[in-house]
Amino acid sequence: MEEKRNKELLLEIKDLSVKTGDKQLLYGVNLNVKEGEVHVIFGPNGSGKSSLVSAIMGLPNYEVVSGDIRFKGKSILGLGLTERARMGIGLAFQHSPVVEGVSVDILLRAIAKDKKIVHEITKETDLKKHLNREVNVGFSGGERKRGELLQLLAQSPQLVMFDEPDSGVDVENMGLIIKIVRKLLQKDLPIMKRKNCGIIVTHSGTILEKIHANIGYVMIGGRIVCSGSPLDIFDQIRTNGFARCAKEARENERFQL
Amino acid sequence: MKDSNYDKKLKEEISALDRVGFDTKGETERSGSFLVIDNKEEESLSREDELIILPITLALKEYPWVKDLLFSIVNKDKDKWTKMVAEEEQIVGSFIYVKEGVKVQFPTQSCFFLHNEGFDQILHNVIVLDPGSKLDVITGCTTGNLVTRGRHISVTETFVREGASLSYTMIHDWGAKTVVYPRTAIKVEKRGSYTSNYVALTKVGEIQSNPVAYLSDEATVKFSSIIYGRPDSLIDMGSRAILKGRGSSAEIISRVVSKRSRIISRGYIEGGNEGTKGHMECNGLLLDKKSSIYAVPELEASHIDTELSHEASIGKIAGEQLNYLMSRGLDEESARSLLIRGFLEGGIKGLPRNIQDRIDAMIRKATSKESI
């Protein structure tokens with residue numbers, strides 16, 4: 001009871017099915033994330049991981065067919081991107097678009113409620129030299145990932161979703177990225193003081209070595225097929241690939257039928 | 001009869017001309033100043049010995065050679081509007097002249113101001129930069145606060161002599177129903193350079209302007225235009241570069257945004273000698289279903305050894321970019337405003353600081369959430 005009182009349930013996903021055009025992307029996904037928790041979603045390419053975080057963010061083309069997404073106790077299905085972002089939902093995109101003509105500085109000032117932090121966060125992400133550059137134009141892979149985190153630092157969301165934060169990142173950038181992800185997830189605060197929560201989408205899992213997550217899931221074919229300790233799951237995947245999970249998923253399906 | 005109230009109002013309006021870059025308060029460094037109100041030359045002032053700024057009538061008296069320049073590169077029979085200028089008995093206009101080798105540090109400002117409703121402002125301007133000289137000019141064209149109708153008809157002939165360099169920035173901020181027909185030609189002699197920056201971001205009835213530059217050996221020209229077509233405006237704007245001299249080059253860049261307006265964005269480069277190079281970029285952004293942009297990039301090669309290229313695109317604001325900004329908490333109008341501003345800002349870069357600042361401020365105002 002005490003746990004429940006102190007740690008509010010922030011994100012509640014119930015039986016969520018999502019499609020784009022005629023193609024169904026997610027089938028009956030359930031997920032509950034409380035304050036201070038970090039959940040990790042593994043899965044091969046095309047398994048629906050990005051679709052899930054995109055649907056939570058409210059990106060167009062992700063049409064909810066059934067089920068519900070609740071944030072801070074309220075259904076957000078009727079809300080647009082802006083409202084969801086302003087409620088405290090943030091997403092570090094896997095493939096962020098280039099935004100010609102808009103400098104990083106101008107964008108950060110448009111995002112941040114407190115303009116004074118701009119200087120500090122650009123220093124933290126080692127992007128001071130990029131302030132006057134156009135957003136993502138000519139950025140390297142690592143710079144793009146850091147740029148995403150920089151924008152999230154400006155936005156300061158309570159539910160922070162990272163879509164493949166570690167893919168295509170070299171060792172040099174990795175340390176910095178981990179440091180900022182930790183900050184966004186308030187990992188350096190005592191557990192009971194953490195108010196933020198996170199969802200990390202990854203197919204490699206490298207980032208888990210430095211960031212402790214509470215629960216891991218494997219997603220295959222638009223379904224969450226298993227869940228458990230993130231490091232256990234990661235070990236399994238490293239040893240057996242996703243094949244075993246897939247097999248279990250098929251068996252599960254048969255069982256359900 | 002003009003009363004004191006009229007004079008007071010006029011004074012107020014003149015002091016507000018800084019919106020088109022014309023500083024009447026002495027806040028920005030200017031090398032000289034020229035102001036026409038309706039058809040009267042109100043001010044012609046130079047702060048440099050070797051920079052001559054005069055009403056064209058006085059220039060004709062003081063420098064007899066100016067007579068030969070009139071209608072030497074703009075054909076007086078070109079159209080109805082050039083004929084109107086040619087037929088004026090009392091010519092009105094500016095003469096800006098920089099003597100040989102003089103590099104003028106601060107910009108010269110000029111302003112053509114339509115103050116009376118329904119007035120026909122008819123002008124003939126001449127700019128001459130003698131060999132090796134350098135000048136930045138900022139020209140603002142605007143109407144009084146209450147003026148909606150009126151016509152501005154002008155001929156401007158510019159001569160950039162050998163090795164001279166002129167940067168010419170023009171800001172149009174006309175009344176909602178004003179019609180504007182400037183006829184402009186520029187002759188750029190050997191190794192001379194001419195940079196034109198054109199800004200039109202406010203409502204206008206009709207603008208039709210197609211400046212043409214004739215280039216001698218190794219001369220260069222760059223035309224940049226940023227245009228924001230407002231509801232019911234018709235803007236036909238295009239730059240032409242005739243690369244007659246060996247190794248001459250031209251660049252034409254235009255960024256046009258249409259909001260329930262029609263914009264014709266033209267560009268023409270003729271490569272007519274060996275080693276000539278020309279490049280054109282016409283980018284258009286449509287803001288709604290009632291907007292139209294007609295981009296006409298034209299290249300003509302009349303010599304085997306010329307390199308000409310163009311890129312043209314017209315589209316709407318990319319949904320992906322809009323969603324990206326909105327996912328950070330920006331509302332749709334703010335996100336659109338940022339993207340339109342960025343699109344226009346990309347059109348003009350690298351001007352002298354106090355001119356660039358002025359243009360950036362105008363773009364910010366024109367693309368603010370309230371005005372898009």
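What to note about this one:
- Of the GluC sites (Glu not before Pro) in the stretch B:14-91, the ones in a loop by DSSP (not H, G, I, E or B) with at most 10 other beta carbons within 10 Å are B:Glu27, B:Glu89.
- Inter-label distance, nm, simple model (7 Å from Cα along the C-beta direction), B:Lys103/B:Ala318: 4.0
- Normalising the average separation of contacting C-alpha pairs (under 8 angstrom, six or more residues apart) by the number of residues puts the relative contact order of chain B at 10 percent.
- A:Arg70/B:Glu298 FRET efficiency (R0 56 Å; Cβ-Cβ; nearest 0.05): 0.45
- Label-zone membership for the stretch B:216-258, site B:Asp360, 7 angstrom Cα→C-beta point, backbone N under 20 Å: B:224-228, B:255
- Per-residue mean of foreign Cβ neighbours for A:85-96 is 2 (Cβ atoms of other chains, 10 Å radius).
- Residues losing 20 Å² or more accessible surface upon assembly, the stretch B:342-356, compared with the chain by itself, 1.4 Å: B:Gly342
- If both residues of a DSSP beta bridge must be in chain B, then about 10% of such bridges are antiparallel.
- Reach of A:Lys123 by Cα under 14 Å, taken over aspartates and glutamates that are not fewer than 8 positions away in the same chain: A:Asp105, A:Glu143
- In summary, the aspartates and glutamates within cross-link reach of B:Lys78, defined as a Cα separation below 16 angstrom excluding same-chain residues under 8 places away, comprise B:Glu87, B:Glu88, B:Glu157.
- Of all DSSP beta bridges confined to chain A, the antiparallel ones make up roughly 60%.
- Average 1/r across all pairs of distinct alpha carbons in the stretch B:266-372, invert it, and you get the Kirkwood radius: 16.4 Å.
- A 1.4 Å probe run over chain A, with the rest of the protein chains in place, finds 48 Å² accessible per residue.
- All other residues whose Cβ lies under 13 angstrom from that of B:Gly342 are scored, Lys and Arg at +1 and Asp and Glu at -1, for a net of +1.
- Listed by chain and number, the lysines whose alpha-carbon sits under 21 Å from that of B:Lys61, ignoring those within fewer than 8 places in the same chain, are B:Lys40, B:Lys99.
- For chain B, the solvent-accessible area with a 1.4 angstrom probe is 42 square angstrom per residue.
- Note that the protein assembly as shown, at 4 °C in a medium of 1.567 mPa s, gets a Stokes-Einstein diffusion coefficient of 46 µm²/s from its Kirkwood radius over C-alpha pairs.
- Alpha carbon centroid spacing (whole Å) that separates the stretch B:238-286 from the stretch B:310-353: 22
- Fully extended contour minus Cα-Cα distance, from A:Asp114 to A:Glu83, at 0.36 nm per residue: 9.3 nm
- Dipole magnitude of chain B, debye to nearest 20 (Cβ charges: Lys/Arg +1, Asp/Glu -1, about Cα centre): 860
- Dividing the convex hull volume of the alpha-carbon atoms in the stretch A:58-100 by its residue count gives 102 Å³ per residue.
- Put simply, the amide H of B:Glu218, placed in the peptide plane, has neighbours under 5 Å in B:Arg191, B:Arg246, B:Gly247, B:Ser248, leaving out anything fewer than 5 places away on its chain.
- B:Ser4-B:Glu117 FRET efficiency (beta carbon distance; Förster radius 25 Å; 0.05 resolution): 0.80
- Percent of alpha-carbon pairs separated by more than 11 Å within the stretch B:192-231: 71
- Cross-link pairs beyond the 23 Å C-alpha cut-off, checked among A:Lys115/B:Lys316; A:Lys7/A:Lys183; A:Lys128/B:Lys222: A:Lys115/B:Lys316; A:Lys128/B:Lys222
- Of the Cα atoms belonging to the stretch B:4-315, the radius of gyration and Dmax stand at 18.9, 66 Å.
- Calculated [θ] (222 nm, deg cm²/dmol) that DSSP helices of n ≥ 4 give over chain B, each run adding -39,500 (n - 2.57): -5000 deg cm²/dmol
- Shielding by partners for peptide B:334-341, expressed as the average number of C-beta atoms from other protein chains within 10 Å of each residue's C-beta, is 3.
- Alpha carbon convex hull of the stretch B:317-372, volume per residue in cubic angstrom: 79
- Between chain A and chain B, roughly 1800 Å² of accessible surface gets buried, counting both sides and using a 1.4 Å probe.
- For residues of A:55-65, the mean tally of beta carbons on other chains within 10 Å: 2
- Using only alpha carbons, the stretch B:114-193 has a radius of gyration to Kirkwood radius ratio (Rg to Rh) of 1.10.
- Distance from the alpha carbon centroid of the stretch A:185-223 to that of the stretch B:146-190 works out to 61 angstrom.
- Portion, in percent, of the accessible area of the stretch A:101-168 that falls on carbon or sulfur, probe 1.4 Å: 49
- Peptides ranked, highest mean first, by Cβ atoms within 10 Å: ranges A:114-120, A:32-38, B:214-220: B:214-220, A:32-38, A:114-120
- Every Cα-Cα pair of the stretch A:85-178 was included, and the share exceeding 21 Å stands at 25 percent.
- For chain A, the Kirkwood hydrodynamic radius from C-alpha pairs, put into Stokes-Einstein at 37 °C and a viscosity of 0.692 mPa s, yields a diffusion coefficient of 174 µm² per second.
- Percent of beta bridges antiparallel (DSSP, the protein assembly as shown, rounded to nearest 5): 20
- Close amide-amide hydrogen proximity is noted between B:Ala213 and B:Ile186, B:Arg240, B:Ala241, B:Ile242, each under 5 Å apart and 5 or more residues distant or on a separate chain (H modeled in the peptide plane; Pro and chain starts excluded).
The values are calculated or read from the model by the stated rules, or taken from the named source; none is laboratory data. It should be emphasised that the depicted structure is a prediction, and the values quoted were computed from it without experimental measurement. Note that each Cβ is placed from the backbone with ideal geometry, even for glycine, and that neighbours are counted across all protein chains shown. The accessibility values were calculated without ligands, DNA or RNA, using every heavy atom of the protein model including side chains. Shrake-Rupley method; radii C 1.70, N 1.55, O 1.52, S 1.80 Å.
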